[in-house]
Amino acid sequence: MIMRKLTTALISLCASTAFFTVADAAENVSVAIISFSPYAPWYIVKEKGLAKDINLDVKIIEGITEKNAAITSGQVQCMNNTMDSMVLARAGDLPIKVVAFSDMSYGLDKMVVTKDINSIDEFKGKTFGADFGFLNHMWMLLTLKRAGIDWKEVHHAVMLPQESAAAFASGGLDIDVNYDPFASQSLKREGAKVFKSSLTDKTWERGLISDAIACNQDWLAKKPEVAKELMRAWFEAVNWWKENPEEGNKIVAAGLSWPIPDVKLNQSGAIMLNINQNMGAFGLPGGKPLCESLPEEAPRAPKDAKGWGVLFGGPDCVAGYAAPTWDLFSETYLAAGVAQKNAKSAEGLDSSIIGALVKDGIPDKYTSNKWIGRLGPQ
């Protein structure tokens, strides 16, 4: 009897030790996001336990400067941000590599104008509101460049999104370059109208208003298998959300402390990119860019909408757009005095994680191309 008790105790001790050994072997990984639902599939990763042997911590860090400091110091390993912000960060010597593209603006971003503005030529001499060195600033710079208008001919009032919406609504601006829900607030001004949106402007063909996932390059070099599993879990979460939008919206809303209608509003203006569309962005064999693989349920731009190929000397819709778009961003921000040096795409883009997932057959597992925004306001 004593021997049985000792044996049982020994087995329990070994099992307990084995448990703690496995738990201790899990990698602690932190990712930084802002309060924005297309960045929030990480909460699905956590809720569903999708990242094997990874203890995932999702940190909401609203400020770009604070987020950049966190990834430099090692407080976080990866972050979600706009692609143009990644270009600026890299130009400032931030040690990051973009490893994937999370989502594409598809109507979320809007240029709201006063009733007297009907053409791009009428932007001259007007004042627009947008944050400095943020995607809406870039969109205006590219809009002017495509129209052959010098960016100095339009006045830029540097404001946070909520400030820009308030200033426009009170009559202090001619143009609000913003995103929902702030753009919707600007439309409450009498006579205000949407001049164009990221949907109608076809910015999604070349990824001009897109979001990316970047990781600390030293961490990527030291932990390539962990990084691969982290991104595999991301794409599994995105795939699951597309197939289970109602439950996914609840998880995302809880993670962000948002009401579900706000999640639906954000997602009705965005498309979450699957892994095949990431392959298309990087130009990897077998991948299709979003412009060639739009979700069936998503709305379409007007047939007469103008594309952006003219800025690249090529077609509007093309695979492998990520590198040319990165370089266009870098050159544009440098010319406008936003960046102090040119950061080449070869320095900032890293398709190796996507390539490794391709070798593992992941694109064949996570194939959903449904539009989560089908449940949002139409």
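Can you spot a residue in region 121-141 that is at pLDDT 95 or above, aliphatic (A, V, I, L, M) and touching a His at 6+ places or on another chain (Cβ under 8 Å)? Yes, region 121-141 contains at least one residue that is at pLDDT 95 or above, aliphatic (A, V, I, L, M) and touching a His at 6+ places or on another chain (Cβ under 8 Å). Taking the criterion of being outside any strand (DSSP E or B), of a type in the set (Asp, Glu) and closer than 16 Å to ILE120 by Cα, the only residue of region 154-176 that qualifies is ASP174. Here GLY148 meets the list (1) touching a helix residue (DSSP H, G or I) at 6+ places or on another chain (Cβ under 7 Å); (2) modelled with pLDDT of 95 or more almost entirely, failing just condition (1). Given the structure, is ALA301 in contact (Cβ under 8 Å) with a residue 60 or more places away in the chain and either assigned to a loop (DSSP other than H, G, I, E, B) or touching a Leu at 6+ places or on another chain (Cβ under 8 Å) (or both)? Yes. Of all the listed residues (GLU229, GLU225), the sole one being out of contact with any strand residue (DSSP E or B) (no Cβ under 8 Å at 6 or more places or on another chain) and charged (D, E, K, R) is GLU225.
Take the conditions (1) over 17 Å from VAL76 (Cα atoms); (2) in a helix (DSSP H, G or I); ALA221 misses just one of them, which is (1).
Do we have SER368 as of a type in the set (Ser, Thr, Tyr) and not in a helix (DSSP H, G or I) here? Lay out the reasoning, then the answer.
Details: of a type in the set (Ser, Thr, Tyr): yes; not in a helix (DSSP H, G or I): yes.
Taking the combined requirement at face value, the residue satisfies it.
In region 127-135 there is at least one residue matching the filter, namely being part of a helix (DSSP H, G or I), crowded, with 24+ Cβ neighbours inside 10 Å and within 17 Å of the chain's Cα centre (by Cα).
Only helices (runs of 4 or more DSSP H) wholly contained in region 34-98 count here; list those with 2 or more residues that are β-branched (Val, Ile, Thr) and buried (at least 24 other Cβ atoms within 10 Å of the Cβ). Spell out how you get there, then give the answer.
On the way: elements: 41-48, 64-73, 83-91.
Output list is empty.
Residues in region 284-308 that are more than 22 Å from the chain's Cα centre (by Cα) and either surrounded by 15 or more Cβ atoms within 10 Å (Cβ to Cβ) or under 28 Å from TYR366 (Cβ atoms) (or both): PRO285, GLY286, LYS306.
Just a yes or no: is a residue in region 322-335 touching a residue at least 24 places away in the same chain (Cβ under 8 Å) and part of a loop (DSSP other than H, G, I, E, B)? Checked against the condition, which is being touching a residue at least 24 places away in the same chain (Cβ under 8 Å) and part of a loop (DSSP other than H, G, I, E, B), region 322-335 yields no hits at all. For region 169-182, the set of residues classified as buried (at least 18 other Cβ atoms within 10 Å of the Cβ), under 26 Å from the mean Cα position of the chain (by Cα) and either modelled with pLDDT of 95 or more or over 22 Å from LEU141 (Cβ atoms) (or both) consists of ILE175, ASP176, VAL177, ASN178, listed by residue number. In region 358-378, the qualifying residues are those that are loosely packed, with under 13 Cβ neighbours inside 10 Å and touching a residue at least 12 places away in the same chain (Cβ under 8 Å), and the one that is nearest to GLN267 (Cα to Cα) is PRO377.
The values are calculated or read from the model by the stated rules, or taken from the named source; none is laboratory data. Predicted model, so just to flag it, every value in this text is computed and none were measured. Heads up, the Cβs are rebuilt from the backbone with ideal geometry, glycines too, and the neighbour counts pull from every protein chain shown.
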